[in-house]
Amino acid sequence: MEKQTLLIKEVKFDSRGLVPAIAQDAATGDVLMLAYMNEEALRRTITTGEAWFYSRSRQELWHKGATSGNRIIVQSVWFDCDGDTILVKGKPMGPVCHTGNRTCFFRQFEK
């Protein structure tokens, strides 16, 4: 059994088979987006070097940037100490947010 398969078995997917996945700009450290992955999305992200997620609303895999061209080129994939969150560090190829913003985190609560 390959090393990646062994590590994927340590990930704690929820009852729907999903795990939260944070995408981060590897160069700046900016948080780009939060989405969800199932096991297949995680495998594809690791093996293809591009970000894949699972759409909860459409209930299907989606390749980030497949229609917009705004892909995330993966540099590394991490999982946290509890195994219940994925961190994808990569290079965004254009705006990541569907609104056209560079990151999905462009709104701030006022103090």
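R0 = 25 Å: FRET efficiency of HIS63 with GLU10, Cβ-based, nearest 0.05?
Details: r = 25 Å, r/R0 = 0.98.
Plugging the Cβ-Cβ distance into 1/(1 + (r/R0)^6) gives 0.55.
Taking 0.36 nm per residue of sequence separation and subtracting the Cα-Cα distance, how much length would be gained by fully extending the chain between GLU40 and CYS97, in nm to one decimal?
Working: separation 57, 0.36 × 57 = 20.52 nm, distance 2.25 nm.
Separation in residues times 0.36 nm, less the Cα-Cα distance, equals 18.3 nm.
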- Name every cysteine in the chain that ends up alone, with no second cysteine's Cβ under 4.7 Å, or say none. CYS81
- Message: Using only Cα atoms and rounding to the nearest 10 degrees, what angle (0 to 90) does helix 39-48 make with the longest principal axis of the chain?
- Response: 80 degrees
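Among ILE72, ILE8, rank each residue by its count of other Cβ atoms within 10 Å, from fewest to most, as a rough exposure measure. Mind showing how you got there, number by number?
Values: ILE72 28, ILE8 15.
Exposure proxy ranking, most exposed first: ILE8, ILE72.
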- In which sequence would ASP14, ASP25 go, from the one with the fewest C-beta neighbours within 10 Å to the one with the most? ASP14, ASP25
- Please work out which option in [x] 0.92; [y] 1.06; [z] 0.97 gives Rg/Rh (Cα atoms, Kirkwood Rh) calculated from these coordinates, and answer with its label. [z]
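Just so you know, all these numbers are worked out from the coordinates, no wet-lab data involved. Quick caveat: nothing in here was measured; it's all calculated off a predicted structure. As a convention, Cβ positions derive from the backbone with ideal geometry for all residues, glycine included, and neighbour counts pool all protein chains shown.
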